[in-house]
1. If you plug each phi of the range 55-71 into the Karplus form 6.51 cos²θ - 1.76 cosθ + 1.60 with θ = phi - 60°, what whole-Hz ³J(HN,Hα) values come out, in order, with x for Gly and Pro?
2. Please compute the length gained on full extension between Gln145 and Gln69, using 0.36 nm multiplied by the number of residues separating them and subtracting their Cα-Cα distance.
3. If contacts are Cα pairs under 8 angstrom and at least 6 residues apart, what is the relative contact order of the range 76-218 in percent?
4. Kindly write out, for the range 88-102 in residue order, the coupling ³J(HN,Hα) from the Karplus curve 6.51 cos²θ - 1.76 cosθ + 1.60 (θ = phi - 60°), rounded to whole Hz, with x marking Gly and Pro.
5. How far apart, in nanometres, would the label points at Asp93 and Leu138 be if each is projected 7 angstrom from Cα along the Cα-to-Cβ direction?
6. Starting at the first residue of the range 178-195, write each ³J(HN,Hα) from the Karplus equation 6.51 cos²θ - 1.76 cosθ + 1.60 with θ = phi - 60°, in whole Hz, x for Gly and Pro.
7. Past the 22 Å Cα-Cα mark, which pairs from Lys170/Lys191; Lys55/Lys182; Lys62/Lys182; Lys136/Lys196; Lys97/Lys211?
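Computed from the coordinates by the stated procedures, all read-outs in this text should not be read as laboratory data. Given the structure is predicted, the values throughout are model-derived calculations rather than measurements. Note that each Cβ is placed from the backbone with ideal geometry, even for glycine, and that neighbours are counted across all protein chains shown.
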Amino acid sequence: MKLLKSISLILLFTLAACNPDKIDTKQVKEEMKKRKIRKISSGEIYNQAEKTGVKLTDFIQKRISANLQSALQKGGVEAAIPYCIIKDQLFIDSIEKADKLLIRRTTFANKLRNPDNKSDSMQREILDAYLYNTEKGLSLNPDVQIRDNEIIFNTPILIKEQQCLQCHGKPGKDMNDEDYKKILSRYSHDKAIQYKRGDLIGLWTIIFDKKEVVRKIE
């Protein structure tokens, strides 16, 4: 196959030299461009993963927020609870399958609500680093790690909207007592409360297939 492509390219150049009026030079240039081998640096891979990760997590967060707001308006906290269960969100499942990646959300061990969102050792280290930065007033930039055939993207989740406090605020103040009872009926060991706007509540993690990231680099 490679030999045939090489012969075809040689023929294009030969014909172009013999009869330039009948040769599509644009086609020749396109063929040369396709065959050109370009070395991709680690920096380019890092930037592509970061750009894709930020775009995806922004989209996911906005989609979940919109779904939560709609559910809260229609049926209150009880109706909204299922929309916070990441593994049950069909649109997230579709993204994972289409882009060949994994999407996870986690938080601190002492602030866990859903046991399925328990953090691993790497996520705990990153969460602690983000917490330190928030306490010191430092910036919270995405974290990208390239490991063998995977690229791991992490970015913090902050309490940005008032509606979040209906499920994660202070019981009796931000949270209705009856609503909190409904949360406890589902998550009896819930610790994901006592937050205020601006607080760090968790972490988004996206695990990319390195080949898929490289493929998207132009």
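1. Couplings: 4, 5, 5, 4, 5, 4, 4, 5, 5, 5, 4, 5, 5, 5, 4, 5, 5 Hz.
2. Gain on stretching Gln145 to Gln69: 24.0 nm.
3. Relative contact order here is 33 percent.
4. 9, 8, 5, 5, 6, 4, 5, 5, 4, 6, 5, 9, 6, 9, 10
5. Placing both labels 7 Å along Cα→Cβ, they lie 4.0 nm apart.
6. 5, 5, 5, 4, 5, 5, 5, 5, 9, 10, 5, 9, 4, 10, 8, 9, 6, 8
7. Beyond 22 Å between Cα atoms: Lys55/Lys182; Lys62/Lys182.
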